[in-house]
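Take a look at the structure set out below.
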Amino acid sequence: MDLECVFFGRFRAAIGEHRITVRTDGDTVGHLLADLESRYPALEGDLLERPSASATAECAATIAGTTVVTRDGRNVRHLEGLETPLEDGCVIGLAAAGYGG
């Protein structure tokens, strides 16, 4: 399927593009993030946080730190997280949350 990925902040700087079309065989946000990390080594560890080698088998990958991932404008943490399904033509946004005061 073809997806549109929009990158903000440090993610945009890491891949050198604001908006790209990605063809993927993955059907969930988690699959897409793993695919993006393998295609763009500068993103490795910034999209997915994987359990350490000493973690139990029940520990699964999570969205890394302050990374915000949206599918069609909705934060996937409020949907099904990494298991959020993808459909052809979805728009995926990737940004690092900003904090300040």
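Within the stretch 1-41, the set of residues being small (Gly, Ala, Ser) and outside any helix (DSSP H, G or I) comprises Gly16, Gly26. Scanning the stretch 14-45 for residues that are of a type in the set (A, V, I, L, M, F, W, C) and closer than 16 Å to Thr66 by Cβ gives Ala14, Leu33, Leu43.
Thr70 is checked against (1) part of a loop (DSSP other than H, G, I, E, B); (2) on the phi < 0 side of the Ramachandran plot; (3) not aliphatic (A, V, I, L, M) and fails just one. What number does that condition carry? Looking at each condition in turn, Thr70 falls short on (1). Only one of these is out of contact with any Ser or Thr (no Cβ under 7 Å at 6 or more places or on another chain), closer than 19 Å to Gly98 by Cβ and among the charged types (D, E, K, R): Arg23, Arg50, Arg10. Name it. Answer to the check: Arg10. Can you spot a residue in the stretch 42-50 that is touching a residue at least 40 places away in the same chain (Cβ under 8 Å) and not in a loop (DSSP other than H, G, I, E, B)? No. Among the candidates Ala53, Ala14, the residue that is in contact with a Leu (Cβ under 7 Å, 6 or more places away or on another chain) and modelled with pLDDT under 95 is uniquely Ala14.
Hey, could you check the stretch 5-37 for residues that are among the hydroxyl-bearing types (Ser, Thr, Tyr) and surrounded by 15 or more Cβ atoms within 10 Å (Cβ to Cβ) and say which is nearest to Asp72 (Cα to Cα)? So, considering only residues that are among the hydroxyl-bearing types (Ser, Thr, Tyr) and surrounded by 15 or more Cβ atoms within 10 Å (Cβ to Cβ), the one nearest to Asp72 (Cα to Cα) is Thr28.
The values are calculated or read from the model by the stated rules, or taken from the named source; none is laboratory data. All figures in this text were calculated on a predicted structure; none of them were measured in a lab. Here the Cβ is made from the backbone with ideal geometry for all residues, glycine too, and neighbour counts use every protein chain on show.
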